[in-house]
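Input: a single structure, listed below in structure tokens.
The values are calculated or read from the model by the stated rules, or taken from the named source; none is laboratory data. No experiment lies behind these values; they were computed from the predicted model shown. No Cβ is skipped: glycine too gets one built from the backbone with ideal geometry, and neighbour counts run over all protein chains shown. Only protein heavy atoms, including side chains, enter the accessible area calculation; ligands, DNA and RNA are left aside. Shrake-Rupley method; radii C 1.70, N 1.55, O 1.52, S 1.80 Å.
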Amino acid sequence: MPQRPYVVDKMISAKAIAARIEDLSDLIEKEFSDTDKLVVVGLLRGSFVFIADLVRELKLDVEVDFLEASSYGNELESSREVRILKDLRGGIEGRDVLVVEDIIDTGFTMKHVLGLLKSRGPRKLRSIALLDKPSRREVQIKADWTGFEIPDEFVVGYGIDFAQHNRNLPFIGKVRFTD
Ligand code: PRP
Ligand code: MN
Ligand code: MG
């Protein structure tokens, strides 16, 4: 299917994101102040930019691991069926874990991943999402920390794609169709 023409309007600047990450990292440091080595888990692919900036702000000893869960693929609609395409490299039993996500929309992805990781017996399991679209929620889930609550707009950039485009934009933008 040919792509409808669109432009991307800036919504949250790189500077605003960086400032918010500084605040969030202070809260995370407090929560994990007694942690020996925190396992920071990024959900591929969308979280790769956020996790890179977040871990560099954390004055904690961290291990970085990734898990790939996909529900959208190249579709605009959530499949509501979350598949694990790539599992963690390391075990998390008895460990302190922070799940890092770019955006919570229907909530299916985060709910599935948190359920899966909880079943592995971590000592402490927390989650953070840069963006939250509460108006779209279909399952009850909320991250422990959220960067920005946003309205129901189609957003791209800072790791987030539109059919695998725009992940490399340094800011969060919203898609505006021009046809
Ligand atoms: C997107 C986004 C979140 C998830 C949020 O991932 O990065 O992981 O959808 O949607 P939900 O709350 O409705 O589940 P996607 O499945 O597009 O994979 P990607 O991260 O590789 O782009
Ligand atoms: Mn994702
Ligand atoms: Mg996607």
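Here D87 and D179 are evaluated by their C-beta separation; at R0 = 35 Å the FRET efficiency comes out at 0.30. Look at the dipole of region 1-84 built from charges on Cβ: of S70, V40, L58, the Cα furthest out on the positive end belongs to S70.
Dimensions of region 19-73 from C-alpha coordinates, computed as largest minus smallest value along each principal axis and given longest first, are 37, 26, 15 Å.
For the chain, the solvent-accessible area works out to 52 Å² per residue, with a probe of 1.4 Å and every protein chain left in place. In the chain, helical runs assigned H by DSSP with n ≥ 4 each contribute -39500 (n - 2.57); averaged across all residues and rounded to the nearest 500, the mean residue ellipticity at 222 nm is -7000 deg cm²/dmol.
Consider all pairwise Cα distances in region 124-179 and report the whole-number % of them above 20 Å. Across region 124-179, Cα pairs with separations above 20 Å total 33 percent. Over all distinct Cα-Cα pairs of the chain, the Kirkwood formula returns a hydrodynamic radius of 16.7 Å.
Rounded to the nearest 10 degrees, the inclination of helix 48-57 to the longest alpha-carbon principal axis of the chain is 40 degrees.
Relative contact order of region 98-141, taken over Cα pairs closer than 8 Å and 6 or more residues apart, is 62 percent.
Considering region 6-48 at the alpha-carbon level, its Rg and Dmax are found to be 14.6, 48 Å. Taking all protein chains together and a 1.4 Å probe, the residues E93, E101, E75 rank E93, E75, E101 from largest to smallest accessible area.
Close lysine pairs were tallied over region 34-142: pairs 8 or more places apart or on different chains with Cα atoms under 22 Å apart number 12.
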